[in-house]
Amino acid sequence: MSDRWYTTNARLATEWLRLSHCPVAVGRAGRWGLLPEPPADLDEVVNAVGGDRTDSAEADLLLRRLVAIARDDELAARIVIERLRRGLLSIAKRRRETRAFEDLLSAAWIAVRTYDPCRRNRFVAAALLADAEWHAFRRQERRKSNDELPLFDGDRWAAPTPIEHDGGPETELAELLADARLAGVATADLDLIDLLLQNPSVDEVAAQLEVTSRTVRNRRSRIAARLREVALAA
């Protein structure tokens, strides 16, 4: 871990220690009704949504509920970030870029606040980490970020900074899907593209979605036409 990552992570940890035991914050989290009993501190909420490394359907469901709350609640979003912090550090280490951890934090905040709770994916934490990595590193154009990190005490999360990508089909596809997302293509449609990329069998994807193969083919054709429009407009 670079000195910059260490400093940023230490800052988040210090802030979390204060926030986790703040009576006002703890009381607010208790009113969400996520746990059977009001939590003694916010670490209980983090652990309940998988922060204790518990990989269970119950923890995933609770995390999905917390992310839904986080769309309109900064405290809930900060708790989700705490749940993801180890995963974000792991991605940053793999990326080995000076600002990787900070860019991922900024991107994770965006991913959490804009996440569609109706997405049919399993393992919400993994989906959020993937979304954060996509926002941070796979978009062709990203707005500049500043040195301020968004903490619960009112700072705002910075937008990512531009980076260069090597050409290639995978990069071009990632850029097209990024443009499609920015152009307002529905998340459900992008999720279908992701499923078809992972499994080209229309019949198997249809079975997974519990719809007919004809429905998947029709949606695929409609989405392909929309992606062509996005590509031509880019």
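The values are calculated or read from the model by the stated rules, or taken from the named source; none is laboratory data. Source: prediction; values computed, not measured. No Cβ is skipped: glycine too gets one built from the backbone with ideal geometry, and neighbour counts run over all protein chains shown. Areas reflect the complete protein model, heavy atoms only, side chains present, ligands, DNA and RNA absent. Shrake-Rupley method; radii C 1.70, N 1.55, O 1.52, S 1.80 Å.
Listed values, structure above:
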read-out	value
Residue-normalised accessible area of segment 2-142, expressed per residue, 1.4 Å probe, Å²	48 Å²
Relative packing of 207-213, 101-107, which averages over residues the other C-beta atoms within 10 Å, highest first	101-107, 207-213
Karplus (6.51, -1.76, 1.60) ³J(HN,Hα), θ = phi - 60°, over segment 186-197, in Hz, Gly and Pro reported as x	4, 4, 4, 5, 5, 5, 5, 4, 4, 4, 5, 5
Extended-chain gain in nm, criterion 0.36 nm per residue less alpha-carbon gap, R222 and W134	29.3 nm
Segment 222-232 - phi-based ³J(HN,Hα) in whole Hz, Karplus 6.51/-1.76/1.60, Gly and Pro as x	5, 5, 4, 5, 5, 5, 4, 4, 5, 5, 5
Within the accessible area of segment 48-93 (1.4 Å probe), percent carbon and sulfur	44 percent
Between segment 12-46 and segment 180-194, the Cα center-to-center distance that results, in Å	34 Å
Radius 13 Å from Cβ of A76, net charge of other residues (Lys, Arg +1; Asp, Glu -1)	+4
